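Contents: one structure, followed by commentary.
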Amino acid sequence: FYRQTSTHFLMAMARALRTRARASVARSTHHRLLLQPAPRLVCGASTLCSSCYASRAVSRVARIGIYPQARWFAAEPSSGQTRNATDLQDAQKGADSPDPKPEGERRRNPDSVVFTWKSAIFTCFVGGACVWYFDYLKEKKEAESRAITTQERIGLPRLGGPFELVDRKGNTVTEKDFLGQYLLIYFGFTFCPDICPQEMEKQSRAIELLDEEFGPIATPIFISVDPKRDKPALVDDYCKDFHPRIVGLTGTPEQVKKVSRAYRVYYNEGLKTDEEDYLVDHSIIHYFVGKNGKFIDFFGKNMTAKEMAEKMRAHIRQDQEKQKQRKKRRGVEGTEEEED
């Protein structure tokens, strides 16, 4: 919004300067026409003449500047045309009268504005300063909102719980099989045409970013919400296209319903053309679970893999720091016991 506003502001300033410059050129041309001698009339009629399109009234209009284009109607007299003596004398005086002021002494109109490089550079400088200031205010506001969100987060939602599912090889697994490792869980289905593959790639990329710093500390998990079609063999084939350590889980409709309720995942089968051709509407959320099996954080569709990795990295570092402090306290307590 700020960048669009500043862009419109700069465009409006440029249009205004261009309009003023054109108006300045038009006024300068108008003044030069007024300072030129009045045209020589063909006849001395007081109204427009049908033969030469000139009159004393047109001459006076051109001289006082009301209609400077009137001078273009003037023409050289032709032989055989009669003139009124008074009108001819007036026309002759107007034609022979010198300029009221020399070119160098003419007064410049105070309203005229000339577009120069200095004004252009100044405009660009002011516009750039406005854009920078808007960006600064935007970043400051976003940082304050993030700080407020972090400080106001007192508790965690009660998500997660015990579950029993089937892995890619057909073996039964529970939540206890994953204790001691961080989990990044995503709910989807293998027949999803676009959203699930994108989210699975994002999940794999986030895990790769964590692997670069901590090693294989987190495990990606895919849980199917379409147990009727997603059998273990199909889930196994689907997961091969993503992270090599990904764990694909499925199960019976009752098992899937239980784990989805534990994580408050919404899913619903859409319109069916037949029993094998339908889509499943479901939540698009990644769940980050700690080593103790408790829920830590969740990431929506609008977050990138880098942002997800940064948040998970912060939680992992916080846990590692707490673990170091526990070890220090235990070391001090052990030393005191030995002294006693």
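Observations on the model:
So that you can scan it fast, the table gives a plain yes or no per residue for (1) open to solvent by 30 Å² or more (accessible area, probe 1.4 Å); (2) over 20 Å from E164 (Cβ atoms); (3) at pLDDT below 95; (4) over 33 Å from the mean Cα position of the chain (by Cα):
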residue: D211; (1), (2), (3), (4): yes, yes, yes, no
residue: F222; (1), (2), (3), (4): no, no, no, no
residue: V235; (1), (2), (3), (4): no, no, yes, yes
residue: K240; (1), (2), (3), (4): yes, yes, yes, yes
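- Flag if I217 is modelled with pLDDT under 95 and either in contact with a Phe, Trp or Tyr (Cβ under 7 Å, 6 or more places away or on another chain) or open to solvent by less than 10 Å² (accessible area, probe 1.4 Å) (or both): yes
- Only one entry of P157, P220, P253 meets the criterion of being within 17 Å of F295 (Cα to Cα) and either free of Cβ contacts under 8 Å to residues at least 60 places away in the same chain or aromatic (F, W, Y) (or both), and that entry is P220.
- Filtering the stretch 245-279 to residues that are at pLDDT 90 or above and surrounded by fewer than 16 Cβ atoms within 10 Å (Cβ to Cβ) leaves R245, T252, P253, E254, K257, R261, R264, Y266.
- Of all the listed residues (D226, D230, D135), the sole one being in a helix (DSSP H, G or I), surrounded by 11 or more Cβ atoms within 10 Å (Cβ to Cβ) and either out of contact with any His (no Cβ under 7 Å at 6 or more places or on another chain) or at pLDDT below 90 (or both) is D135.
- Among (1) within 25 Å of A233 (Cα to Cα); (2) surrounded by fewer than 14 Cβ atoms within 10 Å (Cβ to Cβ) - the single one A314 does not satisfy: (1)
- The single condition among (1) under 32 Å from the mean Cα position of the chain (by Cα); (2) not in a loop (DSSP other than H, G, I, E, B) that P193 does not satisfy is (2).
- Subset of the stretch 189-200 that is under 21 Å from E307 (Cα atoms) and touching an Asp or Glu at 6+ places or on another chain (Cβ under 9 Å) - its residue that is surrounded by the fewest Cβ atoms within 10 Å (Cβ to Cβ): P197
- Filter pass, I296 being of a type outside the set (S, T, N, Q), at pLDDT 90 or above and closer than 17 Å to F178 by Cα: yes
- In the condition set (1) within 31 Å of the chain's Cα centre (by Cα); (2) modelled with pLDDT under 60; (3) in a loop (DSSP other than H, G, I, E, B), R107 is compliant with all but (1).
The values are calculated or read from the model by the stated rules, or taken from the named source; none is laboratory data. Worth saying up front: this structure is predicted, and the values here are computed from it rather than measured. So basically every Cβ, Gly included, is an ideal-geometry build from the backbone, and we count neighbours across all protein chains shown. All accessible areas refer to the heavy atoms of the entire protein, side chains included, with ligands and DNA or RNA removed. Shrake-Rupley method; radii C 1.70, N 1.55, O 1.52, S 1.80 Å.
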